[in-house]
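Each value in this text was obtained by applying a stated rule to the coordinates, not by laboratory testing. Source: prediction; values computed, not measured. Cβ sites come from the backbone with ideal geometry, for glycine too, and all protein chains shown count toward neighbours.
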Amino acid sequence: MSANPLNRSRTLVHLPLVLLALAFLFPLIWLVLTSLQPREQVGKIPPEWLPRRHFIEENGHEIFVTPPEAVGSDKVLVLVEEGIDRGNRVLIPAAAFSDGRAALQRQEADQLVEERVRAKLVQSVPKNYVFVKEWHLSKYDKRPARGLYVTPESVKVRVEPVAGNYGESIRSLTAGEDDKALGLGELVARTSFPWTERSSPGHTITFITYLSNTMLVALLSVIGTTLSSAWVAYGLSRVVWKGREALFGMTLATMMIPFPVLMVPLYSVFRALGWVGTLMPLWVPSFFGSAFSIFLLRQFFLTLPKELSEAARIDGCSEFQIFWRVILPLAKPALSVVALFQFLFVYNDFLGPLIFLTEPDTFTMALGLQQYQSQEGGSEWHLLMAASCMLSAPVIALFFFTQRTFIQGISTTGMKG
Amino acid sequence: MTHVSLKKVEKFYAGAVKAVEDVNIDIQKGEFIVLVGPSGCGKSTTLRMVAGLEDISAGTIEINGKVVNDLPPKDRDIAMVFQNYALYPHMTCFENMAFALKLKGESKAEIAKKVKATADTIGILHLLERKPGQLSGGQRQRVALGRAMVRQPAVFLFDEPLSNLDARLRVETRAELKRLHAKFATTTIYVTHDQEEAMTLGDRVVVMSMGKVQQVAPPLEIFHRPVNRFVAGFLGTPPMNFVQGKLAAGGLFEGEGVFLRLPEETLGRLGEHVGTSVVLGVRPDHIDLAPPVAHPDAPTARVDIIEPLGSTMDLYLTTSTGYRLVVRAPATLDRSAGEQVALLFRSARAHLFEPGVHGANLTLEQTAVAVA
């Protein structure tokens, strides 16, 4: 700010840092902006950043429309009055319409047939006109969308986010019934929670089903990992016994085995247990500790002075009481780091649910999002991004709330963030 | 009132390293005993064996006549104060002090009463609702003391409790400890490396070195009648001067440019050592300085540095062979650096030791108890 050389050099240091941070933020910014764009704008080349909406004014009302398409040459819009196309509005070249008759071309067998039919001029469309279609947010909106030929000047553009994408993304995850829009009340009413009995076939699986599945798995595995890892880490750091270091080494070694190697054996195990298709493979293993959490907590426990344990022992604590009443309360920062890491892992895990879950009513959010990509042929990018935003928001909020504990926990365990 | 007895207590670790060897101490009821020695001498290990935090490799420890070797700490009726206080950071001072009582299952009212009473005794009533992190070092020390006292144990164990305090606080707390001991007369074992603490606090002092007890005696006896060179050198500030030399016939000691004739009564005990190598030990306050002209027969030395200490001063001297001595003299002595001075030894207070770090004191009467 001032001429202080120290400040200036600090600015010089911070400038590249900020730029770098922006580079890392780029995907997030893209995610948020895309989630607010109308469907037609997504994936445009060259890319468009800000959500823009086209609209025309009709009788003093604004009507949202699709982006204009050029007509290209002088054309006329006619209402066909006879033949196969009777009653249809057809756009034909201006030259093909004369004396109340329109020359229509039609593919018949392997040849192109041209016939002249009676038709009524609806609108002449000069070559500078553009075509727009009334814009419907939801693909479930079955109202007829009018196509309009208008002058380019009448189509106006405004930067305006399509907040409706968010509701739509929730709605469109509601699969199971024929593409039918559901109100929120109906949505909730049809939710099947994973702990209730399996609903009958053909029931509705909703966004909320996925969300509650995710939360259930996250909650259970956070509890499981935190408790079991802390218990093991305590044994590996604050109790002296023969073979301790060797066992710790082995525990660490399990971290080096990549998940793809384990996938098939794990699947066999869980299938033998009859757990495939249930949520159990996703949370039960966490009750047996995770090497990373054990390592992190062990490092933290090592930093606590051994006199604390000794004082507790003299005060009359058993080994378990030392763990439960002295060490665990002191390890809160490290425990919250472990819990947060585990939560993030489960929340974001796609591969595990993909392998072990077979029934849509057990799907987690991460797996459920997959549906946007295959539904109805094309990918619903804008809806996928809207759902992704909603999925990321709680995690980001969680991080902001726990940031201090988190950083404290990481710095005291000597882990890098 | 508890009687603690250590019999042939030993501690060795894998690889046959002996941390503590053949320790025999009989601690009387209500006695304040101080274990003192340099770091690594085994004093803390001994204390921790009494506490039950370390296994006893050999020998027995009895508390009130009962062998406690295999008892867990909580069943030994002891309380311990640690060097780093080891207060539970997540509990308030009240909870810290109440913890042991709570584990014993005492009623809430009883706990509150006891904690308040103890806190009142040591003046920490106003700190009870705070957590250790909000306290100064001295306050934490008091809370740690309170935590030990509130249980009214049979034996207090202190592991260097004052060494994390600043010098002034240390002296104050030392006096406080002494007052408390006078009041409650609980048997106390106190470990320190600070010889001043040992001298001022202990009813008896146990000097340890290299895992062995060197001498067990009241402080002044240790000071005046050290059994060996180690004990002599460990206690006293500045430390005793040691001069390597030979004992000639007629009781004349000579070495490093220093010579003195030992008095008749001492000489009688030195018979067989005449003609051998010995080490002379003289405390800095047992050497008088005079102008060389007045004492032409006395050994001389040059004054290098003078450290005034107020009522006294320390003079650092170099003898004719370049050997260094320290002398404590009254502040009134008018000497300046670079001067030559005559050394007048108070030969009755001089000790002769056998060579070696733990060389026995040859000048003591045979009745003196040499444990090592």
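Computed over neighbours whose Cβ is under 15 Å from that of B:ALA182, the net charge equals +2, Lys and Arg +1, Asp and Glu -1.
Pairs from the table (B:LYS43/B:LYS116; B:LYS43/B:LYS246; B:LYS29/B:LYS74) lying more than 23 angstrom apart at Cα are B:LYS43/B:LYS116; B:LYS43/B:LYS246.
Here the contact order of chain A, divided by its residue count and restricted to Cα pairs under 8 Å and six or more residues apart, works out to 17 percent. Can you tell me how the protein assembly as shown classifies by the Cα gyration tensor, rounded, prolate or oblate, using a/c under 1.5 as the rounded cut? Verdict is prolate for the protein assembly as shown. Just want the answer: with Cβ charges of +1 for Lys and Arg and -1 for Asp and Glu, which residue in B:ILE56, A:ALA397, B:ALA182 is farthest toward the dipole's positive end in the protein assembly as shown? Farthest along the dipole direction, towards plus: B:ALA182.
Using θ = phi - 60° in the Karplus curve 6.51 cos²θ - 1.76 cosθ + 1.60, the 3J(HN,Hα) couplings for the stretch B:298-311 round to 7, x, 10, 8, 9, 7, 9, 9, 10, 10, x, 10, x, 6 Hz; x is entered for Gly and Pro.
Quick one: angle between helix B:167-184 and the longest Cα principal axis of chain B, in degrees between 0 and 90, rounded to 10, please. Result, in degrees: 60. Shielding by partners for peptide A:303-310, expressed as the average number of C-beta atoms from other protein chains within 10 Å of each residue's C-beta, is 5. Need one word for the stretch B:208-340: rounded, prolate or oblate. Basis is the Cα gyration tensor (sqrt eigenvalues a ≥ b ≥ c); a/c below 1.5 gives rounded, then a/b vs b/c decides. Oblate. Using DSSP to call loops (not H, G, I, E or B), can you name the trypsin sites (Lys or Arg not before Pro) in the stretch A:24-102 whose Cβ has at most 14 other Cβ atoms within 10 angstrom? Qualifying residues, ordered by number: A:LYS44, A:ARG86.
Loop-resident chymotrypsin sites (Phe, Trp or Tyr not before Pro) (DSSP state other than H, G, I, E or B) in the stretch A:44-129 with no more than 16 further Cβ atoms inside 10 Å of their Cβ: A:TRP49.
Charged side chains reduced to their Cβ positions (Lys and Arg at +1, Asp and Glu at -1) give the protein assembly as shown a dipole of some 860 debye around its Cα centre.
Screening chain A for DSSP H helices whose Cα atoms reach 30 Å or more along their own axis and whose mean Kyte hydropathy is at least 0.5 gives A:5-35, A:207-237, A:381-413.
Ranking B:LEU317, B:GLY40, B:PHE99 by Cα position along the charge dipole of chain B, where only Lys, Arg, Asp and Glu carry charges on their C-beta atoms, puts B:PHE99 farthest toward the positive end. Which angle from 0 to 90°, rounded to the nearest 10, does the C-alpha axis of helix B:137-149 make with the longest principal axis of chain B? With rounding to tens, the tilt is 60 degrees.
Sorting B:TYR316, A:TYR267, B:TYR85 from the fewest to the most surrounding beta carbons within 10 angstrom yields A:TYR267, B:TYR316, B:TYR85. Local charge for A:ALA312 was computed over the other residues whose Cβ lies under 13 Å away, with Lys and Arg +1 and Asp and Glu -1, and equals +2.
Count charges around A:VAL130 for me, please; just the other residues with Cβ under 13 Å from its Cβ, Lys/Arg as +1, Asp/Glu as -1. Net charge around A:VAL130: +2. Under the combined filter of DSSP loop state and at most 11 neighbouring Cβ atoms within 10 Å, the stretch B:79-159 retains these GluC sites (Glu not before Pro): B:GLU129. Using a/c under 1.5 as the rounded threshold, could you call chain A rounded, prolate or oblate? The axes a ≥ b ≥ c are square roots of the C-alpha gyration tensor eigenvalues, and prolate needs a/b larger than b/c, oblate otherwise. Because a/c hits 1.5 or more and a/b exceeds b/c, chain A counts as prolate. Its relative contact order, with pairs defined as Cα atoms under 8 Å and 6+ residues apart, puts chain B at 16 percent. Note that the stretch A:102-116 has calculated 3J(HN,Hα) couplings of 10, 8, 9, 9, 9, 7, 9, 6, 9, 10, 8, 10, 10, 9, 9 Hz, one per residue in order, obtained from phi through the Karplus relation 6.51 cos²θ - 1.76 cosθ + 1.60 (θ = phi - 60°); glycine and proline are x. Between B:LEU145, B:PRO89, A:ILE63, the Cα set farthest toward the positive side of the dipole of the protein assembly as shown (charges on each charged residue's Cβ, about the Cα centre) is that of B:LEU145. Other protein chain C-beta atoms within 10 Å of residue C-beta, averaged over B:67-80: 2.
Ranked for footprinting exposure by Cβ neighbours inside 10 Å, fewest first, B:PHE259, A:PHE259 give A:PHE259, B:PHE259. Which of the residue pairs A:LYS44/A:LYS133; A:LYS306/B:LYS212; B:LYS114/B:LYS183 have a Cα-Cα distance greater than 23 Å in the structure shown? Long pairs (Cα-Cα over 23 Å): A:LYS306/B:LYS212. Close amide H partners of B:SER209, meaning residues 5 or more places away or on another chain with modelled amide H under 5 Å apart, are B:GLN214.
Using Cα springs under 10 Å in a Gaussian network model of chain B, which residue among B:ALA301, B:ALA331, B:ALA185 shows the largest mean-square fluctuation? Looking only at B:ALA301, B:ALA331, B:ALA185, the largest GNM fluctuation is found for B:ALA331.
How tilted is helix B:93-104 with respect to the longest principal axis of chain B? Cα atoms for both, answer in degrees (0 to 90, nearest 10). Helix B:93-104 sits at roughly 70 degrees to that axis.
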